[in-house]
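Quick notes on the structure that follows.
The values are calculated or read from the model by the stated rules, or taken from the named source; none is laboratory data. Remember, it's a predicted structure, so these values are computed and weren't measured experimentally. Methodologically, a virtual Cβ is constructed for each residue, glycine included, from the backbone with ideal geometry; neighbour enumeration extends over all protein chains shown. Areas reflect the complete protein model, heavy atoms only, side chains present, ligands, DNA and RNA absent. Shrake-Rupley method; radii C 1.70, N 1.55, O 1.52, S 1.80 Å.
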Amino acid sequence: MSDAVLYTVDGDGIGVITINRPEQRNCLSREVREGLRAAWQQFEEDDAAKIAILTGTGQKAFCAGGDLKEMVETGMKVPPRDMFPVPYETITLSKPTIAAVNGVAFAGGWMIAQGCDLCVASTTARFAITEVKVGRGSPWAAPLIHMIPQRIFMEIVLTGKPITAQRAYEIGLVNRLAEPDALIDAALDLAREVIEGAPLSVAAARASVMLATEMGRSAALDAAWAAHEEAYNSKDAQEGPRAFAEKRKPVWKGR
C-alpha cells in the first residue's frame, strides 16, 4: 500500500482507512483507488479488525470525487463498474463500516461515503452529487432511494448543488454530527458502540438491513430469520443473557 491511503487498527479492533492526498482534495486518482482497494482488503483479512472508519486527511475534503484531469487525459466515457472501490458494491466486505466525513464529499466522495453502513460528519462538511455540472453520470446514487426521501433525492441529483452537514443529518444521510476537531473521536465512539455487541448478532443485524432494502416485506422477514440462525445457535447467545443475569460485561467469542 502506498502512502496515498493509510491503514491502522487500534487495540479495540477499530480500523481506520485514511485517504491521504489533501493537496488533491483526496480525489479518487488512480493511486488512491489502488490504495483503497489494498486497505479494504487488508481490513477484511485482518482478524484483529472488527469495524472500519473511512476518512480523509485534513478538514477541507473527505474526497472531492473522481480525478477529472484523468478523465480528460484518457477520454473516459462510461467508467468500468469496478473502477471505484465502493464498500459492499465493488469491494467485498463482511464487517461494518463508518464514513467519517471531514470536509467536502462531492460526486465520488459522496459515493464512497454512501457505501459505508454509517456516517459521522463534521459540522463543516458538505455533500453534493455534482455530475450534472460536468456532463457525467451518477448511476451509483440509485440506492439513495432507501436512505432519503424521493423529492430530496431528485433535487440533489438534478441540481448538483451541495447540501450542508446539518441538512444531510436532517434528511437521514448522516447519523451524527461533530465539530471538526472531534470528528474522529465521534466516529470512534460510534464504532465502539457497534462492536460492544455480539459479533454474530451484529453481522446478522447488518445483513437484515441490507436484505430489507432488496426484497419485499415477506421475503425480507424470511431471509432475516435465516440470517440470524447462526447468532441464535451460538455460544454468545447463551453468554449474553448469562452476563446480564450476573450483572457483568459479556465476553464475546464470535461463535
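Points worth noting:
- Breaking point among (1) within 15 Å of the chain's Cα centre (by Cα); (2) farther than 20 Å from Glu89 by Cβ, for Glu170: (1)
- Only one of Ala187, Ala165, Ala141 that is surrounded by 14 or more Cβ atoms within 10 Å (Cβ to Cβ), modelled with pLDDT of 95 or more, within 15 Å of the chain's Cα centre (by Cα) and of a type in the set (Gly, Ala, Ser): Ala187
- Test: residue in region 100-121 that is in contact (Cβ under 8 Å) with a residue 60 or more places away in the chain, assigned to a helix (DSSP H, G or I), surrounded by 16 or more Cβ atoms within 10 Å (Cβ to Cβ) and not small (Gly, Ala, Ser): yes
- In region 18-66, the residue that is surrounded by the fewest Cβ atoms within 10 Å (Cβ to Cβ) out of those that are part of a helix (DSSP H, G or I) and aliphatic (A, V, I, L, M) is Ala38.
- Thr74 vs. criteria hydroxyl-bearing (Ser, Thr, Tyr) and open to solvent by 30 Å² or more (accessible area, probe 1.4 Å): yes
- When Leu177, Leu173, Leu190, Leu158 are screened for being in contact (Cβ under 8 Å) with a residue 60 or more places away in the chain and either of a type outside the set (D, E, K, R) or within 23 Å of Gly58 (Cβ to Cβ) (or both), only Leu190 passes.
- When restricted to residues that are acidic (Asp, Glu) and either surrounded by 16 or more Cβ atoms within 10 Å (Cβ to Cβ) or part of a helix (DSSP H, G or I) (or both), region 190-210 contains 1.
- Positions within region 227-255 being assigned to a helix (DSSP H, G or I), open to solvent by 50 Å² or more (accessible area, probe 1.4 Å) and either closer than 13 Å to Ala203 by Cβ or touching a residue at least 12 places away in the same chain (Cβ under 8 Å) (or both), in sequence order: Glu229, Glu230, Tyr232
- Each residue in region 144-162 was checked for being open to solvent by less than 50 Å² (accessible area, probe 1.4 Å) and not β-branched (Val, Ile, Thr), and 3 pass.
- Residue match in region 16-35 (condition: modelled with pLDDT of 95 or more, within 30 Å of Ala227 (Cα to Cα) and of a type outside the set (Lys, Arg)): yes
- Selection status of Asp12, free of Cβ contacts under 8 Å to residues at least 60 places away in the same chain and either touching a Phe, Trp or Tyr at 6+ places or on another chain (Cβ under 6 Å) or open to solvent by 10 Å² or more (accessible area, probe 1.4 Å) (or both): no
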